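Below is one structure, written out as structure tokens; comments come after it.
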Amino acid sequence: MQRHDRDRFQTVLFAPAARREALFALYAFNYEIARVRETVTQPMLGQIRLQWWRENIAAAFECGAIRRHPVVEALAAVIGEFRLTRDHFDRLIDAREIDLADEPPAGLAALEDYAEATSARLVYLALEVLGVHDSAADEAGLHVGIAYSLAGLLRAISFRARPIIPPDIPTRTGVAELAEAALRHLEAARVRRDRIPRSALPALLPAVVARRSLARLKRTGYDPFDPDLLTPDPLQSWRLAAAALFNRF
């Protein structure tokens, strides 16, 4: 987990000890479905893999027989213990089918919808694991999830197979426009933070990562191919610690 998803691994360290393994299982599942595109040679094989996950998630919710797989087994236990929402899992898996196509998103709204499905839904599940059932936290989670996804897509634009800039946005300004959209979502999340219980913070800390990533991108003149962007932020764990200390994201 630390090697494959450094950002979320670091955020989990600020969760209560009793919830960390559950969050690790949740994020390991997300890593498995997020990398389907890069592990298959053709879309049909990716669809088969995603269907395998659908069937195992369904079995976990229906108390059926699941496959012997470390992530599946851990996740099934988490689903049972925390009574997680099945729709979030279904949406996460369905959205990953979009990764199997080569077409860019139709517009910013389509890209934000993809970000909601692949990132905000994960935030919702993390909030459930943390025992947070709060409308303000869910609203902030929506915006944090979208912003983190957009920032991550921009950070990975140099090696992603699928283009992310919608055709209705000029290529010359597309990166800056997507970065500005991500910042708008971060601000929408921030204005809600005084109404959010402190226990929700570990699920919302990806906002800290997204904000720093967007700031670094801005310093390059919005050049996503600048090699400095591929270097991990050496102070990220300290930034997260400061945010956790002051209950900020």
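Every number in this text was worked out from the coordinates using simple rules, so none of it is lab data. If you're wondering where the values come from, they're calculated on a predicted model, not measured in any experiment. Cβ sites come from the backbone with ideal geometry, for glycine too, and all protein chains shown count toward neighbours.
Tabulated values for the structure
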| item | result |
| --- | --- |
| Relative contact order computed over segment 6-245 (Cα-Cα under 8 Å; 6+ residues apart), in percent | 21 percent |
| Added length on full extension, which subtracts the Cα-Cα distance from 0.36 nm per residue, Arg198 to Arg219 | 4.4 nm |
| Phi-based couplings in Hz for segment 103-110 (Karplus 6.51, -1.76, 1.60; Gly and Pro marked x) | 7, x, x, 5, x, 4, 4, 5 |
| Mean Cβ count within 10 Å, highest first, over the residues of peptides 116-123, 36-43 | 116-123, 36-43 |
| By average C-beta atoms within 10 angstrom, highest first, the peptides 136-142, 180-186, 217-223, 166-172 | 136-142, 180-186, 217-223, 166-172 |
| Helical mean residue ellipticity (222 nm; -39500 (n - 2.57) per DSSP H run of 4+; nearest 500) of the chain | -19500 deg cm²/dmol |
| Restricting segment 1-59 to chymotrypsin sites (Phe, Trp or Tyr not before Pro) in coil, as DSSP defines it, with at most 10 other Cβ within 10 Å | none |
| Segments 72-82, 150-160 sorted - mean Cβ within 10 Å per residue, highest first | 150-160, 72-82 |
| Calculated from backbone phi, Karplus (6.51, -1.76, 1.60) coupling profile of segment 216-223 in Hz, x at Gly/Pro | 5, 5, 4, 5, 7, x, 6, 9 |
